[in-house]
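Following: one structure in structure tokens, then a few remarks.
Where a number appears in this text, it was derived from the coordinates with a stated rule and is not lab data. Keep in mind it's a predicted model, so treat the numbers as computed, not measured. Every residue, glycine among them, receives a Cβ derived from its backbone with ideal geometry; neighbour counts consider all protein chains shown.
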Protein chains: 2
Amino acid sequence: MHTTRNRRIVLAARPKGEPADEDFRLEETDIPSSAGGQVLLRTLYLSLDPYMRGRMNAGPSYAPPVEIGQVMQGATVGEVVESKAAGLQPGDIVLAYSGWQDYGVADARSVRKLDPQLAPVTTALGVLGMPGMTGYTGLVNIGQPKPGETVVVSSAAGAVGSVVGQIAKIRGCRAVGIAGSKEKCGFVTEELGFDACVNYRDDGFEQALAAAAPNGIDIYFENVGGRVFQAVLPLMNLFGRVPVCGLVAHYNLTMPSRGVDRVPMLMTAILTRRLTFRGFIVGDFAAQRDEFMRDMAPWLRDGKIKYREDVVDGLEQAVSAFKRLFRGQNFGKLLVRVAQKRDPKPGA
Amino acid sequence: MHTTRNRRIVLAARPKGEPADEDFRLEETDIPSSAGGQVLLRTLYLSLDPYMRGRMNAGPSYAPPVEIGQVMQGATVGEVVESKAAGLQPGDIVLAYSGWQDYGVADARSVRKLDPQLAPVTTALGVLGMPGMTGYTGLVNIGQPKPGETVVVSSAAGAVGSVVGQIAKIRGCRAVGIAGSKEKCGFVTEELGFDACVNYRDDGFEQALAAAAPNGIDIYFENVGGRVFQAVLPLMNLFGRVPVCGLVAHYNLTMPSRGVDRVPMLMTAILTRRLTFRGFIVGDFAAQRDEFMRDMAPWLRDGKIKYREDVVDGLEQAVSAFKRLFRGQNFGKLLVRVAQKRDPKPGA
């Protein structure tokens, strides 16, 4: 099936809490035209990532929000179908940021050409892309792991967490994962080689975590927040470091949680145990991209770093797939396969 | 008046909340004897500092707690009255850690001889001592001030805060103090040279703070916690730094405060604004003592750094003076003048 039409998913309304189907709208438009210096891309894979929830809110976050009626933003792997830029030809596969749609136009300077011979092109959205570099830079720069230390990471089976724990192992640390199912924990220890993994949905999670970190926690790589964080905090060692990378458990909160204000406890822990908390996004360490690739590409080639993808077929599945991220229902890097690679000319 | 007896204040009970008179006991004992390598010290000045509240609790903090029946710990300036150690003679004035008592015995290696010609000896307990070095090392290492940035410090008229703001000015920053009275704020701006100071007891404190930091806050040097912190957090700039030095508003908390749990908000601020929070105590930067003195001594001599002392007379006043620290009733570095310098031999 091919078409001259472009399907795209736009933000129809700002979600209240967990995103709902009616917050999005699938539209059809003509395929856009590229101008000089631009390429027309056919989306092969769309990356779905937790940060996108923040872009749906009106308030300021890392970046300006997606406006109502705009195409949802997102990183993609696409095929060049039309090029008005030097150095890029139809059939080239590129990493772009063309969003939740079948076709997108991009400035050639904003895309990166991928070599399908070097690694599967989807790795540009995962282990060799933003999530992998997020794990790498957060752990190395903020975590500063030293041999023998204990590194705990939440969302351990996810795109970022799986990289964090495996690099911790390479750096001579004890790696402890936190994940949301027995199956994920099995993958984390057996496939990824973490020393231990604890299921946060189990009764006795707090005790199991303490048992898995008998020497306390030196680095906690924070992806989730919520009660996982509350279980980690008492175990943090003197001079512990907490790279704050994500807070998936909080993104859909609409009301502050009532009860006890734990800020005094948190600040007291920071003070008396001299903890470092630092928030970051991968862009803060953009200058380290070459270093990241120099380390990561051989690790991947040599099997020291493994990864798992959770691939959903069809752009029309993007919304339901995205919602799974916040229920812990994805298992590995979540991708939407929007199209298969084919002949360069659309509608031909 | 002199005596052969030693008065000392011991911890009689662990305070619940704010320390009460009955948590302490004034005892009389014989003057202790020094052994080889030791000196007998007559306390001239006792330093009272907020960290002492933590030592009164049973739980672990920076250091082991004071046991019930033990002399309250504290830094002192004392006069050597008896020396069994080379290099120290009766009449020498030293910085020691001999606690809340008239006389103390100390290993000679644990004291530091002071030169009364270089600076008033009380400065060894304040601007040239632990509080001054706390402000210096926390601001320089964690705050990392850059010219043009805005530095906000709570307890701005206090021993640590006054140093932080003045160094911020020396480093070319905008210095904004937070203090608890109009008089203190006047001192902070007029004497210490901060650009602004806001009274946290005033109605409209939050608005006044925002107005005093029109470009937002790059560094917040945290001494207090509580609602001052809640007012600061929304003003923190991208990549802001928060050296967590003290939490005076929390030390006497016995119950978690009910209401809204602000931890998700705090973590979200850390993440989206990429803030760094780091707890520290001055001992973490002990290796920088020479650097501190190289900077601070000339600043003090040249009048670039000013200080204020709040001196209470008589060891028996120590408890009531200490309680003032938590009510914001001290004004400057709080000291107890335990005795005047006099002839070296006690009871002579």
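Mean residue ellipticity at 222 nm, helices only, chain B: -6000 deg cm²/dmol; runs of at least 4 DSSP H residues each add -39,500 (n - 2.57), and the sum is divided by the number of residues. Restricting the calculation to Cα atoms, region B:130-301 yields a radius of gyration followed by a Dmax of 15.4, 49 Å. Projecting each Cα onto the charge dipole of region B:1-57 (Lys/Arg +1, Asp/Glu -1 at the beta carbon, about the Cα centre), which of B:Gly36, B:Gly54, B:Ala20 comes out farthest on the positive side? Of the options given, the answer is B:Gly36. Along the axis of the charge dipole computed for region B:130-301 (Cβ charges of +1 for Lys and Arg, -1 for Asp and Glu, origin at the Cα centre), the listed residues B:Gln288, B:Thr268, B:Thr150 are led at the positive end by B:Thr268.
Here B:Asn252 yields copy-to-copy label distances, from shortest upward, of 4.4 nm, the label point defined as 7 Å from Cα along Cα to C-beta. Taking the label point 7 Å along Cα→Cβ, A:Glu190 and its counterparts in the other copies are spaced 7.6 nm apart, in ascending order.
With no solvent and one equal point scatterer placed on each C-alpha of the protein assembly as shown, evaluate the Debye formula and give log10 I(q)/I(0) for q = 0.10 Å⁻¹, two decimals. Ignoring solvent entirely, the Cα scatterers give -0.99.
Charge dipole (Cα centre; +1 on Lys/Arg Cβ, -1 on Asp/Glu Cβ; no other charges) of chain A amounts to roughly 460 debye. Stretching B:Ala211 away from B:Asp23 to a fully extended chain increases their span by 63.4 nm, per 0.36 nm per residue minus the current alpha-carbon distance. By the Cβ-Cβ criterion of under 4.7 Å, the unpaired cysteines of the protein assembly as shown are A:Cys173, A:Cys245, B:Cys173, B:Cys245. With a ≥ b ≥ c taken as the square roots of the eigenvalues of the C-alpha gyration tensor of chain A, please select rounded if a/c is under 1.5 and otherwise prolate if a/b is larger than b/c or oblate if it is not? Verdict is prolate for chain A. Placing unit charges on the Cβ atoms only, positive for Lys and Arg and negative for Asp and Glu, gives region A:130-301 a dipole magnitude near 260 debye about its Cα centre. Ranked from shortest, the separations from the 7 Å Cα-to-Cβ label point of B:Ala58 to its equivalents in the other copies are 5.2 nm. The magnitude of the dipole of the protein assembly as shown, with charges of +1 and -1 set on the Cβ of Lys/Arg and Asp/Glu and taken from the Cα centre, is near 300 debye. The lysine pair count for chain A, using Cα distances under 16 Å and pairs eight or more places apart or on different chains, is 11.
With the simple spin-label model, which puts each label point 7 Å out from Cα in the Cβ direction, the B:Glu67 to A:Asp302 separation comes to 5.4 nm. Chain B holds its axis-closest Cβ, relative to the rotation onto A, at the residue and whole-Å distance B:Phe277, 2.
Per-residue Cβ neighbour counts within 10 Å put A:Lys16, B:Lys113 in the sequence A:Lys16, B:Lys113, beginning with the fewest. Model label points for B:Asp30 and B:Glu190, set 7 angstrom from Cα along the Cα-to-Cβ axis, are 5.5 nm apart. Highest GNM mean-square fluctuation among B:Ser162, B:Ser110, B:Ser34, for chain B modelled with Cα contacts below 10 Å: B:Ser110.
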